[in-house]
Every structure is written in structure tokens, then in C-alpha cells.
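Q: Got a structure for you, questions after.
Read the figures in this text as sums done on the coordinates, not as results from a lab. If you're wondering where the values come from, they're calculated on a predicted model, not measured in any experiment. Positions of Cβ are backbone-derived with ideal geometry, glycine not excepted, and every protein chain shown enters the neighbour counts.
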């Protein structure tokens, strides 16, 4: 209903602050019928919120969290007040940058982040060496990292310098810190990591730290990408992401 995050909702229920049809419930898994059942928090009725969809160009150094126990800056410090709660769709770690979605539509967010959706996510990654065909082959072939197989869907070299390179890496699984773990497994250090697209949605010219609403066309294109049959076959390639 867009009232708060799932973890916050669970805490409210377990604390006995939520009523379902006039009765206090303490089990967050209690089934409800949206639009039919009456839900209240602290005796105030909860109404379904208008769905909000935002995109941010996350800067390096901001934590993808509502608050931080170490007092570090979070992505919420960058959000302008919009009058409703929104949560990040997936995460970018503190050292990573680029495209980060926010919404109060938790069902839609779950589809975007679900590894089973195989929605392509494209990153520009600066590494600490001059990359060649051997490194690309390793990333496409995959390695064992963190007890599981890690691989990229597509990799290409964007540019190289005397001591480092920029790679374009596409993933379609969305595992936690996948690129860093994949490169670490082949002894390559990540110097910068920027997410530049999620499915058909590109970061474009959005300024660092800025946020904007998705256009209707952008939202529809993401929805179509989620529903398209065979949209992301598992073929490995050295080609570019969209």
C-alpha cells in the first residue's frame, strides 16, 4: 500500500500497533485483501498511496539505507520531500555510483530485483589493469566466488590507459556485490563502478545526486521488459548493453 518498507511494516505488526478489521494482529504474514480489509496503524486508517517511481544518480559515498549506525550520509539525504514514503529498488554499495530506482510500489520493486526476472543491468567499471581478451573470457566463462558460480552476461572494453581500463559489464541475475566479487576472484581491483542502465532505462544526463520521476513511457518500457517472453536469453557476449 506504500505506507512504509516491508521491514518497518513487520516491526509495526509485531509491536501490536496494527489493526486488521478492528482487531490487533501480531503476525506479519497474516493474509489481507487490499481494497476490502480495513488496516490501521496506531488507530489511524492506512490508505493506499499513489504509486511513485523515481530514478536517482547515486553519488559515491552515500549508503543505500534510510539511516546508518555509523552516521554516514545516506541516499535519503539526497531525496527531496515528496510527501510519501519510497524505498530503494535493490542497492548500490557505498563505493558504487549511478542509477538507483525508488518506489512505494513494493510488488513492482520485487519484480525488478528478482534474479528470476533476468532484467539486464549494465555497469561501467574502471579496473586496475589494462584489460584484454583473456580477462573478458574469464568474466564471461565465470568463476567460483563466495561459494557460488559468478559470471557476466556481456563484457566489452570501453577504453584503456597505461595502467587501467574501463569495462562495460552486463548482468542479468542481480546477486549482491556480484561485479566486485567476480573481479576479486580473478585478482582484479575495482577502482570505480557506475550503474548506467536497468533494462531499457538509461541513466542519461541526470546530474550526480539528482532525482527525477520516471516518465510514463519509461515506466511502461520497464514493465514490458519484465513481461517480455525470452527477453534476456542466457547467451554470453562481448557486445554492448542497450
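Q: How many nm separate the modelled label positions at residue 26 and residue 215, each set 7 Å beyond the Cα in the direction of the Cβ?
A: Those two pseudo-labels are separated by 5.2 nm.
Q: Just order 46-56, 209-219 by mean Cβ neighbour count inside 10 Å, highest at the front, would you? Don't skip to the answer; put the middle values down first.
A: Working: 46-56: 16.5, 209-219: 14.0.
Peptide ranking by packing, descending: 46-56, 209-219.
Q: Calculate log10 I(q)/I(0) of the stretch 118-198 for q = 0.13, 0.22 Å⁻¹, where I(q) comes from the Debye formula with a single equal point scatterer on each Cα and nothing for solvent.
A: Calculated log10 I(q)/I(0) at the listed q: -0.33, -1.01.
Q: In addition: Do you know the relative contact order of the stretch 118-198, to the nearest whole percent, from alpha carbon pairs under 8 angstrom that are 6+ apart? Could you put the intermediate results ahead of the total?
A: Values: 162 pairs, mean separation 37.4, N = 81.
Relative contact order of the stretch 118-198: 46 percent.
Q: Evaluate E = 1/(1 + (r/R0)^6) for residue 159 and residue 202, where r is the Cβ-Cβ distance and R0 equals 22 Å; express this FRET efficiency to the nearest 0.05.
A: On the way: r = 19 Å, r/R0 = 0.86.
Efficiency, rounded to the nearest 0.05: 0.70.
Q: The list [x] 24.6; [y] 19.7; [z] 18.2 gives values of Kirkwood radius over Cα pairs in Å, and only one came from this structure; which label was calculated from it?
A: Entry [y].
Q: Another question, then. Evaluate E = 1/(1 + (r/R0)^6) for residue 129 and residue 184, where r is the Cβ-Cβ distance and R0 equals 22 Å; express this FRET efficiency to the nearest 0.05. It would help to have the intermediate numbers written out before the result.
A: Working: r = 13 Å, r/R0 = 0.60.
Efficiency, rounded to the nearest 0.05: 0.95.
Q: OK, next. Order these peptides, 163-173, 64-74, 9-19, 123-133, by their mean beta-carbon neighbour count within 10 angstrom, highest first.
A: Numbers: 163-173: 19.0, 64-74: 12.3, 9-19: 15.5, 123-133: 17.0.
Per-residue mean Cβ counts within 10 Å order the peptides as 163-173, 123-133, 9-19, 64-74.
Q: Here is a follow-up. Using a simple spin-label model with points 7 Å from Cα along the Cα→Cβ vector, what separation in nm is obtained for residue 176 and residue 149?
A: Going by the 7 Å Cα→Cβ label model, 2.2 nm.
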